[in-house]
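None of the figures in this text is laboratory data; all of them are computed from the coordinates on show. Being a predicted model, the structure only gives us computed values, none of them experimental. We place every Cβ from the backbone using ideal geometry, glycine too, and count neighbours over all the protein chains shown.
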Amino acid sequence: MRVETCFLFDLDGTLVDSVYQHVLAWSQALDEEGIALSVWRIHRKIGMSGGLFTNQLLRETGQDISEDRIARLGRLHAEAYGRLSAQVRPLPGASALLANLTEAGIPWAIATSGRMETARVNLRALDVDPERVPVVTRDMVKYAKPDPDLFLAAAEKLGKGIETAVIVGDSIWDMLAARRCRGLGVGLLSGGYGADELERAGAVRVYEDPADLLTHLDEVGGRR
């Protein structure tokens, strides 16, 4: 008996080229709040939950960050990201990859640590309608990555067991979450993490970008 595979995709850095826009947006938000943090340190946090992001801010800056300030940072980030949204593009092969899965009858969904406020920009760039495609955002779960809640919720939306899921992401947070829910983690280099980092976090295969994954889709069970 053949196991039916489903695909669960992260969004930023996995399907859309938006990681560095998020980095710059967070940098602008932090600057407005007078919080000094190097851009490279911000990049290492993209893809994790807001709570974990805040905890790391506390550790690295030594500042007392109140709930009001956290909310304000989130709003400032969303506003800054909105100003950069015209730069967001699908990554090479992203649309073709999703179309190939759809044509082959292989279910897929999107699970992102971003809230719908910012995810909507990326979905629009990708020409994905969240009314027609299963999309799970940070607003819909209790915990985001590296907790597995987003991927578990996405699999549930597809009506599939998480053990049948190929979980595709660009960050160590995606791979850690995939490992925790026992999905098959597949890493992409298009978000800026190295292959060794992704593999140490649990990726069983690493590809350059969606186009490279599409070329090797049969290696991870993406075929009928």
In nm, the gap between the two label points placed 7 Å beyond Cα toward Cβ at residue 120 and residue 61 is 2.7 nm
Answer label for percent of Cα pairs over 25 Å apart (calculated), chosen among (1) 48; (2) 35; (3) 52 | (2)
The Rg/Rh figure for segment 19-86, Cα atoms and Kirkwood Rh, to two decimals is 0.92
Out of segment 1-75, which trypsin sites (Lys or Arg not before Pro) are coil in DSSP terms and have no more than 13 other C-beta atoms within 10 Å?
-> 2
Could you put 136, 220 in order, starting from the residue whose Cβ has the fewest other Cβ atoms within 10 Å?
-> 220, 136
Pull up all non-local amide H partners of residue 17: gap of 5 or more, or a different chain, and H-to-H distance under 5 Å with H placed in the peptide plane.
-> 89, 91
Order of 108, 26 under a 10 Å beta carbon neighbour criterion, fewest first = 108, 26
Gap separating the Cα centres of segment 23-78 and segment 155-197, nearest whole Å | 24 Å
When DSSP assigns beta bridges and you keep just the ones with both residues in the chain, what percent turn out antiparallel, to the nearest 5?
-> 10 percent
When the chain is treated as a Gaussian network with springs between alpha carbons less than 10 Å apart, the largest mean-square fluctuation among 178, 29, 86 is found at 86
State to the nearest 20 debye the size of the charge dipole of the chain about its Cα centre, where the only charges are +1 on K and R beta carbons and -1 on D and E beta carbons.
-> 360 debye
Rounded to the nearest 500, the 222 nm mean residue ellipticity computed for the chain from DSSP H runs (n ≥ 4, each -39500 (n - 2.57)) alone is -13500 deg cm²/dmol
Apply the Karplus parameterisation 6.51 cos²θ - 1.76 cosθ + 1.60, with θ equal to phi minus 60°, to every residue of segment 122-134 and state each ³J(HN,Hα) to the nearest whole Hz, in sequence, with x for glycine and proline.
-> 5, 5, 5, 4, 8, 6, 10, 9, x, 7, 10, 10, x
Which one of 87, 21, 63 has the biggest mean-square fluctuation once the chain is modelled by GNM with Cα springs under 10 Å?
-> 63
Karplus 3J(HN,Hα) series, Hz, for segment 144-151 with 6.51 cos²θ - 1.76 cosθ + 1.60 (x for Gly, Pro) | 9, 4, x, 5, x, 3, 4, 6
Plugging the Kirkwood radius over Cα pairs into Stokes-Einstein for segment 95-139, at a temperature of 25 °C and a viscosity of 0.890 mPa s, what D comes out in µm²/s?
-> 222 µm²/s
With Cα coordinates, the longest principal axis of the chain makes an angle with the long axis of helix 67-84, in degrees rounded to 10, of 60 degrees
Using a Gaussian network model of the chain whose springs link C-alpha atoms within less than 10 Å, name the residue from 140, 175, 48 with the highest mean-square fluctuation.
-> 140
